[in-house]
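Structure first, then comments.
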Amino acid sequence: MTDPTAAGAQVAATAEHLGAYKEAIIFLVTAGVVVPLFHRLRISPVLGFIGAGALLGPYGLGRLAEAHPWLGPVTIGNRAEISHLAEFGVIFLMFMIGIELSWERLRTLRRLVFGLGSIQVIASAGLIAAILMAVGQPLAASLVVGIGLALSSTAVVLPVLAEQKRLNTPSGRTSFAVLLFQDLAVAPVLFAIAVLGRNDGGNVGVGLALALGQAAVALVVIVIAGRLALRPLFQLVARTKSPELFMAACLLVIAATALTAASSGLSMTLGAFVAGLLLAETEYRRAIEATIDPFKGLLLGVFFVSVGMSLDPAQLVAAPVLILGLALALLVVKGFIILVGARMMRLPRSVAFETALLLGPGGEFAFVLLGGAIVGGLLPEALGQTALIVTTVTMIAIPPLALLARRIGRRTNKAALGRARAEPPPDAQQDRVIVAGYGRVGRLVGEMLKRHKIPYIALDSDPVRVAEQRRLGNPVYFGDSSSTELLRRCDIATARALVVTLDTPNRVEAVVQAARAERPDLTIVARARDARHATELYEMGVDDAVPETIEASLQLSEAVLVDVGVPMGLVIASIHERRDEFRIMLKRKEAETRPAFRARRTIGKTVDVKSAEGREVSRTDKPETQAANARPSA
């Protein structure tokens with residue numbers, strides 16, 4: 001017989017083991033509900049994660065778990081249980097900020113980044129700190145809160161602008177420039193807070209100097225090791241053509257640099273930021289962005305859930321007038337400084353007002369800075385909690401403020417809009433052509449685009465070829481051209497055209513399908529194997545398909561006609577006429593074979609075929625089946 005005591009202990013041990021996964025399961029369920037719901041409502045999921053954390057955390061339903069045990073499985077009673085995952089969310093965010101930062105982008109936006117950005121951060125932090133000191137707060141705490149509240153929300157503002165298709169408007173570019181300076185300022189501020197938090201009563205200046213020296217040595221080691229090892233590492237991994245190994249290499253680099261920085265006295269986020277900067281100039285930048293982005297989004301969700309768990313809604317309920325008043329005061333203070341700074345930079349009044357509405361609210365890095373300051377003893381917990389609640393309230397207001405800013409933008413007069421468009425765009429190659437595949441054909445396409453001064457970016461999955469072309473100064477990046485995320489990273493939303501030069505038909509079709517799904521209006525020119533393949537590509541929606549066999553025959557015809565004495569002008573005209581005839585014939589053939597009862601043969605795959613009566617019949621086409629179908633019936 002089974003010992004009841006042993007059975008009970010086993011059940012308890014099993015329950016305890018399953019309880020270790022409770023936080024992960026709660027978060028995954030939250031993500032599965034929050035993201036689709038908020039996307040449908042056109043609200044940033046960031047706000048949903050913060051609200052879910054506040055609801056399910058120790059200050060929400062978790063507070064009632066002791067009195068109502070049935071709430072235990074659906075609440076998180078301790079924020080520390082997910083703090084490590086939340087920290088990795090910020091680490092991945094800083095890595096992506098580093099890898100998205102380019103010297104070209106800084107150069108084109110340098111006036112707004114280092115002009116308006118520095119004015120906004122320094123003036124906002126100083127004014128907020130002065131107000132806090134005037135009401136009796138200590139200097140260190142006032143400065144920390146001032147810097148934290150001076151920052152705005154990159155994670156909410158940029159997605160809202162992208163959804164409204166306003167990133168390339170004057171206010172969108174101005175907001176991006178200020179947010180970029182704020183992101184650059186986060187790393188040194190985090191380092192300073194960490195150093196001041198470790199102060200044990202000795203000389204602060206001496207301790208800061210020693211910490212800066214140690215940090216400088218660590219950064220030099222990370223940069224040198226990264227420059228020597230990162231490119232060969234990713235080239236070696238890319239040659240395996242294994243997406244799993246490539247993903248593992250990306251995660252290894254982030255974790256290794258973050259832990260190296262932490263062991264040297266720096267913050268893990270600063271180490272990840274440096275790793276991103278090192279990889280930003282390599283040919284693997286786009287593929288790394290596409291690989292890491294899902295991890296960043298998921299882990300940032302954990303971070304925002306933990307942020308929500310640290311908020312006590314009871315404070316808002318207890319003093320709603322005070323909290324809302326402070327939130328309004330923050331919007332007014334930051335908005336006023338942005339208005340003044342924008343006018344100093346000679347931006348139009350309407351652009352300045354839109355930017356003030358977008359950047360007036362607080363941002364996600366306030367939670368990182370203020371949370372670190374509370375743990376380090378630099379900031380009283382009561383003041384820190386109040387600042388965090390004010391930040392959350394203002395972040396919730398970003399979507400309606402963005403709608404208000406959009407309405408203001410529509411009323412911008414033409415003269416002001418013309419002056420604002422003189423500002424350089426975030427990326428000097430917004431309207432570029434994407435070339436999928438950079439072999440012999442792709443290189444010729446790139447050379448012709450360069451000759452006509454049309455900017456382009458090329459993608460190729462051969463790491464050796466990519467490294468060779470990068471050494472020659474060509475804008476070629478490693479990655480799979482059929483990856484939707486990679487195409488987005490190459491700015492397919494603003495691309496002028498896509499040229500597919502790959503030599504494998506199924507890869508050409510995969511790229512065309514991914515690009516057409518992302519941009520129905522994009523001009524796509526694709527390389528085809530033969531006339532039949534060209535017909536299939538026209539069916540998939542390409543604008544021009546160039547069959548290799550037909551094009552080769554036209555080139556041969558042109559050569560022989562010129563050699564036998566036909567005038568060059570007549571030859572070129574006849575070749576162009578014949579090429580147009582082929583294009584019309586292929587498009588007509590595609591239109592004729594489009595009816596629903598057409599059965600497309602796919603070797604080794606199951607396809608749905610509609611018979612003449614409209615019934616769907618599932619069939620697997622194999623080589624022997626096709627051969628049997630080709631033989632005449634007896």
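FYI, it's all coordinate maths here, none of it is from the lab. These figures come from a predicted structure and were not determined experimentally. Ideal geometry is used to build each Cβ from the backbone, glycine not excepted, and the neighbour counts take in all protein chains shown.
For the peptides 278-286, 219-227, what is the packing order when you average, over each peptide's residues, the other Cβ atoms within 10 Å and list the highest mean first?
Working: 278-286: 21.6, 219-227: 14.3.
Peptide ranking by packing, descending: 278-286, 219-227.
When ranked by the protection proxy of mean other Cβ atoms within 10 Å per residue, highest first, what sequence do the peptides 187-193, 446-452 form?
So the order, starting with the most tightly packed, is 187-193, 446-452.
Once the other residues with Cβ under 12 Å from the Cβ of residue 456 are scored (Lys, Arg +1; Asp, Glu -1), what is the net sum?
+3
Most exposed first by the Cβ proxy, i.e. fewest other Cβ within 10 Å, how do 305, 90, 546, 33 rank?
33, 546, 90, 305
What shape does the range 222-341 have by the C-alpha gyration tensor, where a ≥ b ≥ c are the square roots of the eigenvalues, rounded means a/c under 1.5, and otherwise prolate means a/b greater than b/c and oblate the rest?
On the way: a/c = 2.67, a/b = 2.24, b/c = 1.20.
Prolate.
Which order results if 93, 37 are arranged by neighbouring Cβ count within 10 Å, fewest first?
The order, fewest Cβ neighbours first, is 37, 93.
Among 537, 511, 467, flag the residue with its Cα farthest along the positive direction of the charge dipole of the range 433-592, charges on Cβ as +1 for Lys/Arg and -1 for Asp/Glu.
In the range 433-592, that residue is 467.
So how far, in whole Å, is the C-alpha centre of the range 306-337 from the one of the range 463-503?
45
Can you sort 471, 111 from fewest to most other Cβ atoms within 10 Å of each residue's own Cβ?
Values: 471 9, 111 14.
Placing the least packed residue first, the sequence is 471, 111.
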